[in-house]
Amino acid sequence: MKFLYSLMIVTVLVSCNKETTDKHMINGNAPGVLNGMRVYYGKVGENGKQQFIDTAVVINETFHFDPVDEVKKPEIRFLNVDGSNGSIVYLHDNNPVEVKVNKDSVFKSSVQGSKLNDQFNTYKAIQDEYRAESKTFNQQRSNFQRSGQLEELNQVMLQWQEEEKRYVSQSKNYISENKNTLLGPIILGDLISSKLIDPIDARQEFNKFSADVQREELSIRIDDYLRKIESVGIGKKAPSFEGHNPDGKVIKLEEVIAKNKVTLIDFWASWCGPCRRENPNIVNAYQKYKNKGFGILGVSLDKPGAEEQWKQAIEKDNLTWDHISRLQYFGPIARQYNVNAIPAAFLLDENGVIVAKDLRGQQLHNKLEELLGS
């Protein structure tokens with residue numbers, strides 16, 4: 001699952017296959033996989049790293065693993081196949097399973113043999129259908145954009161919004177049905193990583209999990225992720241930071257807040273196309289509202305060695321407000337605000353409390369008018 005893959009850095013700890021026993025934990029069928037190719041069996045180890053604990057060799061398109069690790073409760077397991085990208089994910093509950101490998105797309109591989117994995121397969125079928133529809137939508141959107149068919153583009157966008165709502169609703173229902181099993185956090189994690197659910201909604205879904213499920217390693221990671229987002233959520237005090245401006249002077253966030261009624265923290269970079277395209281809108285808002293108490297602190301995520309590009313972008317785009325940069329790309333300040341993509345923005349009141357996030361275009365003007373008057 002996407003969320004699981006984003007949590008781990010692969011470290012290979014390989015041990016040799018044990019001698020064959022009468023009862024196999026995993027019986028594998030691998031059509032098209034050549035003799036001698038290896039299959040790696042693993043689990044999530046410490047610090048979210050994938051730890052491989054056994055290997056098998058494909059012979060005549062088959063492989064097997066004998067029992068190697070009994071568990072007290074279901075745990076996530078992975079199978080990686082030489083020559084294939086990604087992992088086959090399934091839930092290990094001490095029951096033998098039958099695995100059929102799809103070497104061209106391991107995500108379409110099947111694992112059968114326990115009720116829990118049958119439930120997992122049902123969800124994966126829903127997910128596969130959504131992915132296929134998403135691929136079709138993206139192609140349609142691209143075609144309409146290239147041909148300038150704006151009416152058709154708007155129609156397909158509206159259709160896709162409804163499809164996303166349907167998929168999210170299905171997924172939430174499945175979370176509710178599996179609030180007492182490991183499937184709950186797996187599905188919620190996938191919705192989060194796909195950006196199909198906002199943090200407030202995600203927290204509500206998380207709170208449905210039983211106490212035991214909330215103590216699962218994956219649940220703990222989801223909880224930590226949500227806590228980071230919630231720490232810079234609307235209604236929270238903006239965390240303090242500082243940095244050097246283009247002249248080398250240290251600028252502190254508190255200093256900018258103190259001289260304004262409303263402050264925008266704008267994360268951007270000279271290399272960021274969407275940021276540069278949004279800059280004229282921010283300039284217009286600044287010119288209109290600066291005399292009413294609107295201030296901006298630009299936080300550049302330019303890379304090391306790009307000081308001149310940063311300064312030139314400020315001048316070229318006419319960004320006549322406070323700026324800082326540590327020239328550390330997505331460095332400490334970005335991590336502090338849980339910023340992993342730009343542009344990103346936080347609007348603060350006179351007390352430094354976050355009142356809005358990521359306002360673009362007319363939305364920014366509307367909020368400023370609400371806070372400062374027309």
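The values are calculated or read from the model by the stated rules, or taken from the named source; none is laboratory data. Quantities reported herein were computed from a predicted structural model and do not represent experimental measurements. In this analysis, Cβ positions are derived from the backbone assuming ideal geometry, glycine residues included, and neighbour counts consider all displayed protein chains. Each accessible area value is taken on the protein alone, full model and side chains, heavy atoms only, with ligands, DNA and RNA left out. Shrake-Rupley method; radii C 1.70, N 1.55, O 1.52, S 1.80 Å.
Quick look at the values:
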| item | result |
| --- | --- |
| Exclusive hit being of a type outside the set (Asp, Glu) and not in a loop (DSSP other than H, G, I, E, B), set ASN366, ASN338 | ASN366 |
| Extreme residue, least open to solvent (accessible area, probe 1.4 Å), among residues of region 32-57 that are in contact with a Gly (Cβ under 9 Å, 6 or more places away or on another chain) and part of a loop (DSSP other than H, G, I, E, B) | VAL33 |
| Test: residue in region 344-358 that is part of a loop (DSSP other than H, G, I, E, B) and either modelled with pLDDT under 95 or among the basic types (Lys, Arg) (or both) | yes |
| Cβ pairs under 6 Å, 6+ apart, first in region 305-323 and modelled with pLDDT of 95 or more, second hydroxyl-bearing (Ser, Thr, Tyr) | GLN309/SER270; TRP310/SER270; TRP310/SER300; TRP310/SER325; ALA313/SER270 |
| Hey, LEU196 closer than 30 Å to PHE137 by Cα, in contact (Cβ under 8 Å) with a residue 24 or more places away in the chain, in contact with a helix residue (DSSP H, G or I) (Cβ under 9 Å, 6 or more places away or on another chain) and not in a helix (DSSP H, G or I) or not | yes |
| Given (1) buried (at least 17 other Cβ atoms within 10 Å of the Cβ); (2) at pLDDT 85 or above; (3) in contact with a strand residue (DSSP E or B) (Cβ under 6 Å, 6 or more places away or on another chain), index of the condition ASN17 fails | (2) |
| Qualifying residue in region 306-317 (condition: within 20 Å of LEU372 (Cβ to Cβ) and surrounded by fewer than 21 Cβ atoms within 10 Å (Cβ to Cβ)) | no |
| Region 91-138: number of residues that are assigned to a loop (DSSP other than H, G, I, E, B) and open to solvent by 80 Å² or more (accessible area, probe 1.4 Å) | 2 |
| Residue in region 213-224 that is farthest from ARG131 (Cα to Cα), counting only those that are open to solvent by 10 Å² or more (accessible area, probe 1.4 Å) and without any contact (Cβ under 8 Å) to a residue 40 or more places away in the chain | ARG215 |
| Condition met for GLN145 (surrounded by 16 or more Cβ atoms within 10 Å (Cβ to Cβ) and part of a helix (DSSP H, G or I)) | no |
| Where VAL156 falls short, out of the listed (1) among the β-branched types (Val, Ile, Thr); (2) free of Cβ contacts under 8 Å to residues at least 40 places away in the same chain; (3) closer than 22 Å to LEU91 by Cα | (3) |
| Lone qualifier among LYS228, LYS208, LYS172, LYS236 - being touching an Asp or Glu at 6+ places or on another chain (Cβ under 9 Å), over 18 Å from TYR130 (Cβ atoms) and surrounded by 13 or more Cβ atoms within 10 Å (Cβ to Cβ) | LYS236 |
| Selection from region 148-158 of residues that are open to solvent by 90 Å² or more (accessible area, probe 1.4 Å) and either more than 24 Å from the chain's Cα centre (by Cα) or under 30 Å from HIS24 (Cβ atoms) (or both) | LEU150, GLU151, ASN154, GLN155 |
| Qualifying residue in region 267-287 (condition: in a loop (DSSP other than H, G, I, E, B), open to solvent by less than 50 Å² (accessible area, probe 1.4 Å) and of a type in the set (A, V, I, L, M, F, W, C)) | yes |
| Residue in region 239-256 that is of a type in the set (Gly, Ala, Ser), within 28 Å of the chain's Cα centre (by Cα) and either part of a helix (DSSP H, G or I) or farther than 24 Å from PRO199 by Cβ (or both) present | yes |
